[in-house]
Amino acid sequence: MKEILEYLFNHHTLSKSQAKAIMIEIAQNKFNATEVTAFVTIFLMRNITLPELQGFREALLQMAVPVEINADDEIDIVGTGGDGKNTINISTLASFVVAGAGQKVIKHGNYGASTLTGSSNVLEEAGYAFKKTSEDLQQDLDKANICFLHAPYFHPALQSVGALRKSLGLRTFFNLLGPLVNPAKPQFSVIGVYNLEIARIYQYLLQKDEREFMIVHGMDGYDEISLTHDTKIITKEGEKVYSTSDLGFEPVTAESIQAESSIQETAEIFKNILQGKGTSQQNAVVLVNAAVALFHTKKFGNYNECLILAKESLYSGKALNSFELLLK
């Protein structure tokens, strides 16, 4: 590791093969915590390059525990995290709304590292027991239209650096890898990113995939459609900036979609929204992300029709039913 660090400290970057080899060695615990911390810190001082991201991603997917799930046209809705906005769990809430609307969701998530409450935190607090086998995940998907893959169970490398990420409490390149390494490899993905430079790297990388992607970026720094400002959306077909009114909503305030200061309180907000007790602004930001995800699959009509479906899912209790079935 010393040679690698000296090479990087001299302003060099890694090739794809170098990045892949190093990630495999990190997963195999070949370096001590100090060495890995130093390595991770380099990427806090500069942006990751496309070959580095490709290499890290290939390593994680190669080492991932295999997942075999029988589903057609499934979707993942996920953000990089690390935007520093401390929002409610918007992508996870949107996932249940999408599942309630009839679209199968294979959600990939983790405990919060650069934020307090990640998707794994909120589901665990609600009483969900993480599943480790394809059979159990398939059972969840069949009964609830959604299953949840807790990332450390399927990625040994993420397990080995979990404590380090939490102790740093900062956004690291592992934030960027999470949305790219769902081991079930769903056909569709909606990925939220916190800045446009990362959006570009994702775009270059995902253009080569057979699977469909949508990258969303809140133009004031959110890794999701926040409705606090305009949103840039990038797909294989191109890119466009949408105002809140383009998406059928009034602007919301940053304060209205903030999480609380504890996992327990944030999980309570999560359940309140699914139970129909959310504020109009909380509901709006969940609905817009769900509607865009439904529209992305091209199965449910135009965007306005998808928004109607999302509203029906949330307000009729279908999203809540999907959530409760998953917990059983």
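No value in this document is a laboratory result; all are computed from the given coordinates. Here the structure is a predicted model, which is why all the values come from computation and not from measurement. Cβ atoms come from the backbone with ideal geometry, glycine included; neighbour counts cover every protein chain shown.
For the residue pair ASP73 and SER261, what label-to-label distance in nm results when each label sits 7 Å from Cα along the Cα-to-beta-carbon direction?
The answer from the label model is 4.7 nm.
Counting helices only, and only those DSSP H runs with n ≥ 4, report the 222 nm mean residue ellipticity of the chain as the sum of -39,500 (n - 2.57) divided by its residues, in deg cm²/dmol to the nearest 500.
Calculated at 222 nm, the ellipticity per residue is -15000 deg cm²/dmol.
What is the extension gain from MET45 to LYS30, computed as 0.36 nm multiplied by their sequence separation minus the C-alpha to C-alpha distance, in nm to one decimal?
So the extension gain works out to 3.0 nm.
How much of the DSSP beta bridge set in the chain is antiparallel, as a percent to the nearest 5?
That works out to approximately 45 percent antiparallel.
Sum up the charges of everything whose Cβ sits under 10 Å from the Cβ of PRO51, counting Lys and Arg as +1 and Asp and Glu as -1, but leave PRO51 out.
Details: positive: LYS16, LYS20; negative: GLU52.
Here the count lands on +1.
What longest range of the chain stays clear of loop-exposed GluC sites (Glu not before Pro) (DSSP non-H/G/I/E/B, at most 12 other C-beta within 10 angstrom)?
After excluding every exposed loop site, the longest remaining stretch is 69-209.
Add +1 for every Lys or Arg and -1 for every Asp or Glu among the other residues with Cβ under 12 Å from the Cβ of LYS271, and state the total.
Details: positive: LYS277; negative: GLU125, GLU265, GLU268, GLU324.
Summing Lys and Arg as +1 and Asp and Glu as -1 gives -3.
Over the residues of the chain, compute the C-alpha Rg and express it relative to 2.2 N^0.38 Å.
Its radius of gyration relative to the 2.2 N^0.38 Å reference: 0.95.
Expressed as an acute angle from 0 to 90° and rounded to the nearest 10, what is the orientation of the C-alpha long axis of helix 134-144 relative to the principal long axis of the chain?
For helix 134-144, the angle is close to 20 degrees.
What do you get for the angle between helix 318-327 and the principal long axis of the chain? Use alpha-carbon atoms, 0 to 90 degrees, nearest ten.
50 degrees
Any idea what angle helix 90-100 forms with the longest principal axis of the chain, computed on alpha-carbon atoms, 0 to 90 degrees, nearest 10?
50 degrees
By its C-alpha gyration tensor, with a ≥ b ≥ c as the square roots of the eigenvalues, how is the stretch 2-63 shaped: rounded for a/c under 1.5, else prolate for a/b larger than b/c, else oblate?
Numbers: a/c = 1.75, a/b = 1.11, b/c = 1.57.
The shape class here is oblate.
Over the residues of the stretch 1-157, compute the C-alpha Rg and express it relative to 2.2 N^0.38 Å.
Ratio of Cα Rg to 2.2 N^0.38 Å: 1.18.
In straight Cα distance, which lysines are under 26 Å from LYS328, not counting same-chain residues fewer than 8 positions off?
In chain and number order, the partners are LYS104, LYS107, LYS131, LYS132, LYS143, LYS185, LYS271, LYS277, LYS311, LYS318.
Given Cβ point charges of +1 (Lys, Arg) and -1 (Asp, Glu) and nothing else, what value in debye, to the nearest 20, does the dipole of the stretch 2-63 about its Cα centre take? The partial results should precede the final answer.
Working: 6 positive and 6 negative charges, 26 e Å.
Rounded to the nearest 20 debye, it is 120 debye.
Counting Lys +1, Arg +1, Asp -1, Glu -1, what net charge surrounds HIS12 among other residues with beta carbon under 15 Å of its beta carbon?
Cβ neighbours under 15 Å give a net charge of 0.
Run the quick spin-label model on ILE308 and LYS236: label points 7 Å from Cα toward the beta carbon, then report their separation in nm to one decimal.
A separation of 2.8 nm, rounded to one decimal place.
On alpha-carbon atoms, Rg over Rh for the stretch 278-328 using Kirkwood Rh?
1.00
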